[in-house]
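Since the structure comes first, as structure tokens, the remarks are kept for the end.
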Amino acid sequence: MSQTLSEIFETLKQAREGYGILDLFPAECSSLLDSVLDDEVELMPLWWINEERQRRGTGVPVDLGLSVLWSSRNVGAASGEQPGLYVGWGDTTGRLSSTDPDDYPCSDPPEDIGGTEHDIAREMWAETWRLPTRAEMKELIQKCQWRWTVINGNPGAQIIGKNGASIFLPAAGDRYGNEYEDAYYYGRYWTSELRCDDDDNRRAFLLEFSQMGPEIVSLVRHMGMSVRPVLEK
């Protein structure tokens, strides 16, 4: 049975507290709307999404006024000021400590692992969470205000968007093999992108920051870095 647009909106309103599959068949709309709405629509209420995120240890999406939403915490962290896991580029387990680049994730890796089977954010957090691209990291640098600060004993960068919202990136340093380096002095966060001008594909791009400010650099992909996921808007 077809529905008018007003009936569709009333159905959606009633379903906000529930969960299910709706068949929406508008009776009075343009061909464009008909092509968009004449399908099954899966409803996932906010309370269900929040429960799932809590179960997976997922951060809260924060809108900094940028092209994507940024997580409030690192992968593996219980709160925003904690470092979480130190992850090699392409390691979806968060447990690898090998110094063989062919393990991250292979000897011939893709140029961009964002949202793929090699992306720890997508594998652990699901939804559309993923590693940020180099362009999204640059956007974070160029369109936000950066302040070096300390939260609960953990130094790092408070990043403030033009809309006043903010996230905190702890300066967790990095891990090489089983040795941890530069904690409290540097923050290093993977992007999803390989450095393709390397002859041996050993490096990937990352965000690096200290009290001197942030920049995009590249380092060998078997180093363990922090991961701060983004979510599609």
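The values are calculated or read from the model by the stated rules, or taken from the named source; none is laboratory data. Just so it is clear, the structure is predicted and the values come from calculations on it, not from any experiment. Quick reminder, even Gly has a Cβ in these numbers, built from the backbone with ideal geometry, and neighbours come from all protein chains shown. Just so you know, the surface numbers come from the protein's heavy atoms only, side chains and all, with ligands and any DNA or RNA stripped out. Shrake-Rupley method; radii C 1.70, N 1.55, O 1.52, S 1.80 Å.
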Calculated from backbone phi, Karplus (6.51, -1.76, 1.60) coupling profile of region 52-67 in Hz, x at Gly/Pro: 5, 5, 5, 5, 8, x, 7, x, 8, x, 10, 8, 9, x, 10, 6
In order through region 223-228: 3J(HN,Hα) via Karplus (6.51 cos²θ - 1.76 cosθ + 1.60), integer Hz, x for Gly, Pro: 6, x, 10, 6, 10, 10
Calculated from backbone phi, Karplus (6.51, -1.76, 1.60) coupling profile of region 118-130 in Hz, x at Gly/Pro: 9, 9, 5, 5, 5, 5, 8, 9, 6, 6, 10, 4, 6
Under 5 Å, built H, 5+ apart or other chain: amide partners of Y180: none
Computed over region 101-200: relative contact order in percent, which uses C-alpha pairs under 8 Å that are six or more apart: 24 percent
Spin-label model distance (nm) - E181 vs E123, 7 Å beyond Cα toward Cβ: 2.4 nm
Nonlocal amide H pairs with N74, under 5 Å, H built at 1.01 Å: none
Per residue solvent-accessible surface (Å²) - region 83-233, probe of 1.4 Å: 46 Å²
Accessible area in the full protein assembly, largest first, 1.4 Å probe, for T92, T191, T99: T99, T92, T191
Simple label model, 7 Å out from Cα along Cβ direction - W148 to I216, nm: 2.4 nm
